[in-house]
Amino acid sequence: MSSDFLKLVGERIRTLRKEKGYTQESLSEKSGIHVTYISDIERGERNISMETLEKVISALEVNPVEVFRIEGIEDIEERADRQELIEALNSLLSGRRTEEVKLVLRLAKDVLGTYDKLK
């Protein structure tokens, strides 16, 4: 079973990969890591070594701190891509307790209900 932290880091790596326009296959080629291993990393199912993490960071051509900016997607609201926004919300919620996720869901329903009434 994978930890929440591994899942968050994996999701962040996936986000960075997509921002670069890389497929899992192209990241695999650039990093020298097998494509199924890349997939496992992105799903948080691998406890990767520092050496493997270094290969991924190098292949993504990012500063190492970028991988750990899990909640620091500061300018996500400015992005127009709907799927990226949904993935960002998922990333923010994935490490939270069930009670917290339920609260956010209730708040979202209330906000959207109010928004729908204003239409």
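The table for this structure:
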item: GNM result for the chain, Cα springs below 10 Å: residue of Arg12, Arg96, Arg43 fluctuating most strongly; result: Arg96
item: Net dipole in debye of the chain [+1 Lys, Arg Cβ; -1 Asp, Glu Cβ; about Cα centre; nearest 20]; result: 420 debye
item: Mean ellipticity per residue at 222 nm, deg cm²/dmol - from DSSP H runs of n ≥ 4 across the chain, formula -39500 (n - 2.57); result: -21000 deg cm²/dmol
item: Within a Gaussian network of the chain (alpha carbon springs, distance under 10 Å), most fluctuating of Leu16, Leu89, Leu27; result: Leu89
item: Karplus (6.51, -1.76, 1.60) ³J(HN,Hα), θ = phi - 60°, over the range 86-95, in Hz, Gly and Pro reported as x; result: 5, 5, 5, 4, 4, 4, 5, 8, 4, x
item: Cα-only Debye scattering, the range 4-118: base-10 log of I(q)/I(0) at q = 0.09 Å⁻¹; result: -0.29
item: More than 17 angstrom apart: percent of Cα pairs within the range 1-42; result: 26 percent
item: Positive-end residue, the chain charge dipole about Cα centroid, Cβ charges, pick of Ser91, Ile33, Val104; result: Val104
item: Phi to ³J(HN,Hα) by Karplus 6.51 cos²θ - 1.76 cosθ + 1.60 over the range 29-34, Hz, x for Gly, Pro; result: 5, 5, 9, x, 10, 4
item: Count, lysine Cα pairs under 17 Å in the chain, 8 or more residues apart or across chains; result: 8
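Bear in mind that the values in this text are calculations on the coordinates, not laboratory data. Predicted model only: the values in this text are computed from it and were never measured. Note that we place each Cβ from the backbone using ideal geometry, even for glycine, and neighbour counts take in every protein chain shown.
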